[in-house]
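Heads up: the structure comes next, in structure tokens.
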Amino acid sequence: MGRILVTGGSGYIGSHTVVALLEAGYEVVSIDDHSRSHDFIMDRIKQITGTEVVNHRINLVDRATLEDFFCNEHTGITGVIHFAAYKAVGESVANPLLYFENNLVGQINLMRCVDQYNIPHFVFSSSCTVYGNPESLPVTESSPLLEPESPYGRTKLIGEAFLRDWVLVCPTRVAALRYFNPVGAHPSALIGEFSRGVPENLLPYITQTAAGIRERLTIYGRDYPTRDGTCVRDYLHVCDVALAHVAALKHLERHTDAPPFDVFNLGSGVGQTVLEMVQAFEEVTGTPLTYTFGERRTGDVVAVYADNRKAREQLGWSTLYSLQDMLRTAWAWEQALSQSHNTRQ
Ligand code: UD1
């Protein structure tokens, strides 16, 4: 088993992936500047797995420090999983340069080091945002890529393009994973998503409303051409997303004849409306939710869900967690956060 560098190892998907890697027998080293995460996450990971993971507090934009890290630590690293990026759509619209620098300059610096030390495998966090408002559903990996709705989305599209060009001239092979809507938390309720300020995403908004932190959920739009007028998304459990990264690494390790750059949709393959999510949350947790309908949110797509056949067939991956698991673990995480106020932000 190799040693894997995880960037953003203290973040939402990163921390769950570190757990999955350790449980699969990999050794892990993390780089995370904690600008959007907490330094105690590695302790929580130790509580879950019994293994201590060292995190190096480095911002990928700081090229000199990153190069020092690789110079000292590259021995034995066989793969890099790159999560460290900002992902708040609204913030990216307000501050595009912050996103271009953090997400793209950080990625270039990381690619330079991977190149210099000939690290063979690279897994990239992409997003279904690259499909925009798709004309036909479900979307496959060959569905058209559309003009991004936000600077955040643009960094994912450009990030993929950088990697696509780069593999033509370097020995590293890349799997880009296009996440649909990761939700939920680790069943231990020790790690999960920390929303900064008022959450932009649906599930944290639902759980914070149920916990009494927000007065009511606003459902953005009720006149979409969908079965109940609200938007359709493909939600999947963050632990399933984490397991897909392990599967992608193993795929790169085993299939040396696989394309040097490949993309995989990570979704459940099933679309849920916002109203269905609200109703399912109420049923699963027995907690009523206060909600109203508001205007459509700028930039929202009507409906998107994945054709996940490629990930199932080629990575041998499939979702293990149900919608009920997603909602139950998201709620358990919210309740755990409420009990330890200092960790909410
Ligand atoms: C959003 C981003 C996507 C990004 C992802 C990262 C947009 C348009 N898309 O996905 O690019 O990869 O976050 O986390 O911002 N909703 C409500 N009320 C709320 C919050 C959300 O009705 O308070 C609805 C939204 O209109 C949407 C659904 O819930 O229909 C899911 O929203 P969200 O969780 O923000 O995810 P996406 O918009 O799919």
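The values are calculated or read from the model by the stated rules, or taken from the named source; none is laboratory data. All figures in this text were calculated on a predicted structure; none of them were measured in a lab. Cβ coordinates were reconstructed from backbone atoms using ideal geometry, including for glycine residues, and neighbour counts include every protein chain displayed. Heads up: the accessible areas ignore ligands, DNA and RNA and are worked out on the full protein's heavy atoms, side chains in. Shrake-Rupley method; radii C 1.70, N 1.55, O 1.52, S 1.80 Å.
Listed values, structure above:
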read-out	value
Single residue of region 209-223 satisfying the filter (more than 9 Å from the ligand (Cβ to nearest atom) and among the charged types (D, E, K, R)) that is farthest from LEU337 (Cα to Cα)	ASP223
From the options ARG222, ARG154, ARG178, ARG216, residue that is among the basic types (Lys, Arg) and within 29 Å of LEU320 (Cβ to Cβ)	ARG178
Tally, over region 104-136, of residues that are part of a helix (DSSP H, G or I) and either within 12 Å of the ligand (Cβ to nearest atom) or over 16 Å from the mean Cα position of the chain (by Cα) (or both)	16
Residue identified as part of a loop (DSSP other than H, G, I, E, B) and within 22 Å of ALA306 (Cα to Cα) among LYS156, LYS87	LYS87
Region 298-317, subset among the hydrophobic types (A, V, I, L, M, F, W, C) and within 16 Å of the ligand (Cβ to nearest atom), residue farthest from LYS250 (Cα to Cα)	VAL302
Within region 77-96, considering residues that are among the aliphatic types (A, V, I, L, M), away from the ligand (no atom under 12 Å from the Cβ) and under 12 Å from the mean Cα position of the chain (by Cα), the one most open to solvent (accessible area, probe 1.4 Å)	ALA84
Boolean, GLY2 is open to solvent by 10 Å² or more (accessible area, probe 1.4 Å), over 19 Å from LEU266 (Cβ atoms) and of a type outside the set (A, V, I, L, M, F, W, C)	yes
Criterion violated by GLU295 - all others in (1) farther than 30 Å from HIS251 by Cα; (2) within 13 Å of the ligand (Cβ to nearest atom); (3) surrounded by 15 or more Cβ atoms within 10 Å (Cβ to Cβ) satisfied	(3)
Residue that is most open to solvent (accessible area, probe 1.4 Å), among those in region 164-179 that are over 26 Å from VAL19 (Cα atoms) and touching a residue at least 40 places away in the same chain (Cβ under 8 Å)	LEU168
Test: residue in region 49-64 that is closer than 27 Å to ALA330 by Cα and acidic (Asp, Glu)	yes
Inter-residue pairs, beta-carbon under 7 Å, first in contact (Cβ under 8 Å) with a residue 12 or more places away in the chain and in region 297-326, second in a helix (DSSP H, G or I) and β-branched (Val, Ile, Thr), 6+ apart	GLY299/VAL89; GLN324/VAL284
Filter pass, GLU283 being more than 13 Å from the ligand (Cβ to nearest atom) and over 22 Å from THR172 (Cβ atoms)	yes
Among the candidates TYR117, TYR152, residue that is open to solvent by 50 Å² or more (accessible area, probe 1.4 Å) and in contact (Cβ under 8 Å) with a residue 40 or more places away in the chain	TYR117
Residue list for region 45-74, filter: of a type in the set (Lys, Arg) and not in a helix (DSSP H, G or I)	ARG57
Criterion (in contact (Cβ under 8 Å) with a residue 60 or more places away in the chain and more than 16 Å from the ligand (Cβ to nearest atom)) met by exactly one of PRO187, PRO182	PRO187
